[in-house]
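**Student:** Got a structure for you, written out below as structure tokens; questions coming shortly.
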Amino acid sequence: MAHQLHLEKEKYRQWVKAGLGLGYLKEGLVPFCNDIAVQQHKDILQNIRSTKSLPSTVTCGICRVETLKPDHKPVGNAKNRVCPLGQVKCSCCCKGKIACPNNICGAIYDFIVQHHASTPPAPNWKNTDAKQWVTDPWSICKCFINAPGYEQKQSAGETDCTGLLHLMINNQYFHSHIGCNVTGTNNLFTKVRHYRNAIFHSSSMELEESEADTYLDDMIAVLQDGKELLNRSDAQIAVKKLQDLKNKDFIITTESFEEILRQIKEEMAKVLKSTESAATKEEYDDLKKKLIDLEAKMSDEKKGKLENEKELAELKKTSSALKKKLLELEAKMSRENDEKLENAELKKKLGVLETLVSEQKKEIAKIKSETSSGQSQNYEQTKLGE
């Protein structure tokens, strides 16, 4: 049987176990992240209401991130305004923004920017809906997930472990509840966040046992962080499951396969989402033609066909802007091609795993028709544990 051949390959077993480990890691992090999100939300609102002498009943549900005017103001002159909080392209520097009529959403905006751990701060405004900030803790947390595909997630439970780790790394409020240093690029939390790509983007769907054990050990270490997670029962239940995965006799069941399938489908959805706004070839070709035409005009000017230097200066300025745009599009198209290849690889893996699940179910159904249900269950565990 094809699935049995796969299961006999130890490296394949290790890959499946590592994938399951990500699911257990999420299980251990969800309650913690939900609790801190609620606590953070409560503290934000209390601080704003106290600072601004607002009534406890004040609320809002009409502001949009795209049009919201932050509470903080830009510094510098009219031609060179800069965000004092360090955010690039901050709304504070844009004209036409609208202040929150309830005097609360602009302050929440400021809190998000001030508590984003990256330098410069880079909240992901596309993941959130400002209309929900006053009533929904998770709508604020999603601003700290610097990856696409989370805008529809309504809670920690709907968010994968990668998104939860993004939140814990990027949200400074969470840092006070974590003992481990989560700054820099080599910290434990960031390493574990990268494991999802290493696992699900593996073309061979194989891992060495030592490599899989390292992944699982680091996941365990995250859940045993000494500040709070170590003392949470839900996190330690997940630790036990991760430790069981390292057992050589661990049984890979049909349910295990289906969990891996679910995670790969979710990863595919994110890849597709990230290419929705990718540059098109038509857009690139149009810009290329405009650049060629401009350079031709500039060449003509050198031959005396343009009447004044002012027009040439404008042409040079436009040409420079188009060249910059072309470079951006070339980079964007390159990323798009990489993402298409990545998605094709994920689809290939998905097809293989779906076949394995189908064959496994057929084999179990056949055995069940010939034996008692108790014997069949024993057969499944025996075969899958090989």
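Only the coordinates and a few stated rules stand behind these numbers; no lab work does. None of these values were measured; they are calculated from a predicted model. So basically every Cβ, Gly included, is an ideal-geometry build from the backbone, and we count neighbours across all protein chains shown.
**Student:** Ranking 88, 82, 30 by Cβ neighbours within 10 Å, fewest first, what do you get?
**Tutor:** With the fewest neighbours first, 88, 82, 30 line up as 88, 82, 30.
**Student:** Please give the peptides 243-252, 162-171 ranked by average Cβ packing (other Cβ atoms within 10 Å per residue), highest first, as a rough proxy for protection.
**Tutor:** Descending mean neighbour count gives 162-171, 243-252.
**Student:** Can you find, among 140, 155, 178, the residue farthest towards the positive end of the dipole of the range 119-229? Put +1 on the C-beta of Lys and Arg, -1 on that of Asp and Glu.
**Tutor:** Looking along the dipole axis, the top candidate is 140.
**Student:** Turning to a different aspect of this structure: By per-residue mean of other Cβ atoms within 10 Å, what is the highest-first order of 48-55, 220-227, 116-123?
**Tutor:** Result, highest mean Cβ count within 10 Å first: 220-227, 116-123, 48-55.
**Student:** While we're here: Given a cut-off of 24 Å, name the pairs among 95/126; 52/97; 89/153; 142/241; 97/126 whose C-alpha atoms lie farther apart than that in the structure shown.
**Tutor:** 89/153; 142/241
**Student:** Amide H to amide H, which residues 5 or more places from residue 68 or on other chains are under 5 Å from it, using H placed in the peptide plane?
**Tutor:** When sequence neighbours closer than 5 places are left aside, the close amide H contacts are 98.
**Student:** Just to confirm a number: summing +1 for Lys and Arg and -1 for Asp and Glu over residues other than residue 11 whose beta-carbon lies under 10 angstrom from that of residue 11, what do you get?
**Tutor:** -3
**Student:** Now, a different point. Would you give the gap between the C-alpha center of the range 82-138 and the C-alpha center of the range 21-36, rounded to a whole Å?
**Tutor:** The distance from the Cα centre of the range 82-138 to that of the range 21-36 comes to 27 Å.
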